[in-house]
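Data block below; observations after.
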Amino acid sequence: MNSTVQEVLGFVKENDVKFIRLGFCDIFGTQKSIQIMASELEYAFENGISFDAHAIIGFRDIVHSDLLLFPDPVTMVVLPWRPGPGRVMRFFCDIRNPDGSVFSKDCRFVLKRVVERAQKMGYSCKMGAECEFYLFKLDENGKRTTPLDNGGYLDIAPLDKGQDIRREICLTLEEMGIQPETSLHEYGPGQNEIGFKFSDALECADNLQTFKTVVKTIAARNGLDASFKPKPLAKAAGNALHINLSLAKDGVNVFKNAKDGHSKIAESFIAGILAKTPEITLFLNPIENSYERFGEFEAPKYVSWSHQNRSQLVRIPAAIAEKVRMELRSPDTALNPYIAFALILSAGLDGIENKLPLPPAVDADLYTADESITKSLTPLPNSFEKSMSLAAHSAFAKGVLGDELFAQYVGNVAEWGQWIEL
């Protein structure tokens, strides 16, 4: 909803909105919020709302602990599960220092900066996320027990017991202005996937954060728990976050069907992402559990690409016209979308600027391929430790994120991964 501040304030008065949630996330994507009364919203737009940044991991020390949240009016949405009287509205916020300057570890601002870089180069990027999650039953103490069902890929009821919950999630997302495109039962028992429509990179990241909240909320309302852990079950498929990207120049998609031949811009964009993926894997797969997913159940193992082939890191799905795109298959559902999208898009833009050549497609099943094929391929880091080492030495990642955010992320991600509940 593209609203001005005055339009937002008018909507609040006319629609019995009493409570405002000011949302943001920490450097790892963990969602946070402060709730204010609607009467304070105009003040928040003008002056910001203070919070204790020392209490947010990786933000600030106790000596300089104040930061301010400024609601972004275009992210206004009413929470459908909190009806009137006294409706609740949510905004995502920009984070600023007390002097009004941008907070260097505001991940949303980092992505905004990369989007602006793309625009200055004459490109607009569209992103779409296909997000997987598991639904678990709960015991009398509210702890996860067994998956909701024993269904498999594209199964229907009665094997698929999650269809009504997915329906409720999709309807709720629509009420909030997010357009789901697909909804299905995935490979794992109790595993589901919902994909939503392409949008610009910042909106896609915002939508993904909203999506996770909606899924968790609807699952809880149905007496279940939704898990975004990358590998919740050792012998079942992991939770992927497949990221689809297209790039437009002068309003025309640079990606084309295989029969039409790829544009050099699209090839260099893909080549840039392939080249940087190993050193940014920590930001796409940020916990130890992430590395249990690679190399099976259609999760990639090598840096490679091909058309349609789901054993690759990057594939070009079968599509036509504006839907032709690339799909990055390594990220998982534990990532911070603002940081991940910023790094992925920056890698592609670097590829264009440097006119990187696209390596040959690997048209083979890489789960069964002979060593004669795989020996020439760069493997993805197969452990959290290897991924951490590559990231710590990445001048590229540091350049995109900035020194302070980069240092705090790399310095704290291991600890965060030990206690976070996904």
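The values are calculated or read from the model by the stated rules, or taken from the named source; none is laboratory data. Since the model is a prediction, treat every value here as computed from it, not as a measurement. Neighbour counts run over all protein chains shown; Cβ positions are idealised from the backbone, glycine included. For accessibility, only protein heavy atoms count, side chains too; no ligands or nucleic acids. Shrake-Rupley method; radii C 1.70, N 1.55, O 1.52, S 1.80 Å.
Label zone of VAL102 (point 7 Å out along Cα→Cβ, amide N under 15 Å): in the range 331-350 this covers 338-339, 342-343, 346. The orientation-averaged shadow of the Cα convex hull for the range 149-304, equal to a quarter of the hull surface, comes to 11.0 nm². Using C-alpha pairs under 8 Å with a sequence gap of at least 6, the mean separation divided by the residue count of the range 1-99 gives a relative contact order of 34 percent.
Here the range 295-422 yields Rg over Rh of 0.98, to two decimals, using C-alpha coordinates and the Kirkwood radius. Between PHE51, PHE269, PHE196, the GNM of the chain built on Cα springs shorter than 10 angstrom shows PHE51 fluctuating the most.
For TYR302, the residues 5 or more places off, or on other chains, whose built amide H falls under 5 Å of its own are LEU313, LEU380. Spatially, the range 1-66 and the range 344-422 are offset by 33 Å when compared through their Cα centroids.
Roll a 1.4 Å probe over the protein chains and send me the accessible area per residue for the range 291-422 in Å². Working shown, then result.
Values: 5870 Å² over 132 residues.
That works out to 44 Å² for each residue.
Over 28 Å, how big is the tail of the calculated P(r) for the range 63-215, in percent of all Cα pairs? Can you show the working numbers first?
Values: 4381 of 11628 pairs.
Everything past 28 Å amounts to 38 percent.
Close amide-amide hydrogen proximity is noted between THR146 and LYS137, each under 5 Å apart and 5 or more residues distant or on a separate chain (H modeled in the peptide plane; Pro and chain starts excluded).
Where only protein heavy atoms count, and the probe is 1.4 Å, what is the accessible area per residue for the range 198-263 in Å²? Counting only protein heavy atoms, the per-residue value for the range 198-263 is 35 Å². Here the accessible area of the chain is 50 percent carbon and sulfur, with a 1.4 angstrom probe and all protein chains present.
Note: relative contact order over the chain, using C-alpha pairs below 8 Å and six or more positions apart, is 15 percent. Once log10 I(q)/I(0) by the Debye sum over Cα atoms at q = 0.07, 0.11 Å⁻¹ is calculated for the structure shown, the corresponding label among (1) -0.33, -0.86; (2) -0.59, -0.91; (3) -0.43, -1.06 turns out to be (1). Among ALA369, ALA275, ALA395, whose mean-square fluctuation peaks in a Gaussian network model of the chain (Cα, cutoff 10 Å)? Of the options given, ALA369 has the highest mean-square fluctuation. Scalar couplings 3J(HN,Hα) for the range 58-73, obtained by applying the Karplus form with A = 6.51, B = -1.76, C = 1.60 to θ = phi - 60°, are x, 8, 9, 7, 6, 6, 10, 9, 8, 9, 10, 9, 10, x, 8, x Hz; x denotes Gly and Pro.
Expressed in units of 2.2 N^0.38 Å, where N is the residue count, the Cα radius of gyration of the range 247-366 is 1.04.
For the pair ARG82 and LYS197 in one chain, pulling the backbone fully straight at 0.36 nm per residue adds 38.9 nm over the alpha carbon distance.
Centroid-to-centroid, using Cα positions, the range 191-241 and the range 132-172 are 12 Å apart.
First measure r as the distance between the Cβ atoms of ALA157 and ASP16, then evaluate 1/(1 + (r/R0)^6) with R0 = 30 Å and state the FRET efficiency to the nearest 0.05. Mind dumping the intermediate values first?
Values: r = 38 Å, r/R0 = 1.26.
Efficiency, from the Cβ-Cβ distance: 0.20.
Report, in deg cm²/dmol and to the nearest 500, the calculated mean residue ellipticity at 222 nm for the chain, where each DSSP H run with n ≥ 4 adds -39500 (n - 2.57) and the sum is divided by the residue count. Walk me through the numbers on the way to the answer.
Values: 11 runs with 140 residues, N = 422.
Dividing the helical sum by the residues of the chain leaves -10500 deg cm²/dmol.
As a quick test, which of the pairs LYS276/LYS323; LYS112/LYS276; LYS264/LYS375; LYS32/LYS105; LYS249/LYS323; LYS235/LYS276 have an alpha carbon distance above 18 angstrom in this structure? As for pairs spanning more than 18 Å Cα to Cα, those are LYS276/LYS323; LYS112/LYS276; LYS264/LYS375; LYS235/LYS276. Overall shape of the range 120-163 was characterised from the C-alpha gyration tensor. The equivalent ellipsoid obtained from it has semi-axes of 36, 17, 6 Å, in decreasing order.
In order along the range 403-420, phi translates into HN-Hα couplings of 4, 5, 5, 4, 5, 5, 5, 4, x, 10, 5, 5, 5, 4, x, 6, 10, 5 Hz, rounded to whole numbers, per the Karplus curve 6.51 cos²θ - 1.76 cosθ + 1.60 with θ = phi - 60° and x for Gly and Pro.
Couplings for the range 309-318, taken from phi via the Karplus curve 6.51 cos²θ - 1.76 cosθ + 1.60 with θ = phi - 60°, read 5, 8, 9, 9, 5, 10, 10, 9, x, 5 Hz in order; Gly and Pro are left as x. Label sites at SER389 and LYS323, each approximated as a point 7 angstrom past Cα along Cα to Cβ, lie 4.4 nm apart.
Compare the peptides 285-291, 221-227 by average per-residue count of other Cβ atoms within 10 angstrom and give them in order, highest first. Spell out each step's value before the answer.
Working: 285-291: 23.7, 221-227: 17.7.
For the peptides 285-291, 221-227, the packing ranking is 285-291, 221-227.
The length gained by stretching the chain between GLU404 and ARG310 to full extension, at 0.36 nm per residue less their Cα-Cα distance, is 30.2 nm. Rg and Dmax, both from the Cα atoms of the range 310-374 and both in Å, are 14.3, 38.
Could you report the range 1-136's accessible area per residue, 1.4 Å probe, as an integer in Å²?
45
Given a Förster distance of 22 angstrom, what is the FRET efficiency for ASP139 paired with ARG221, based on the Cβ-Cβ distance and rounded to 0.05? Spell out each step's value before the answer.
On the way: r = 18 Å, r/R0 = 0.81.
Result of the calculation: an efficiency of 0.80.
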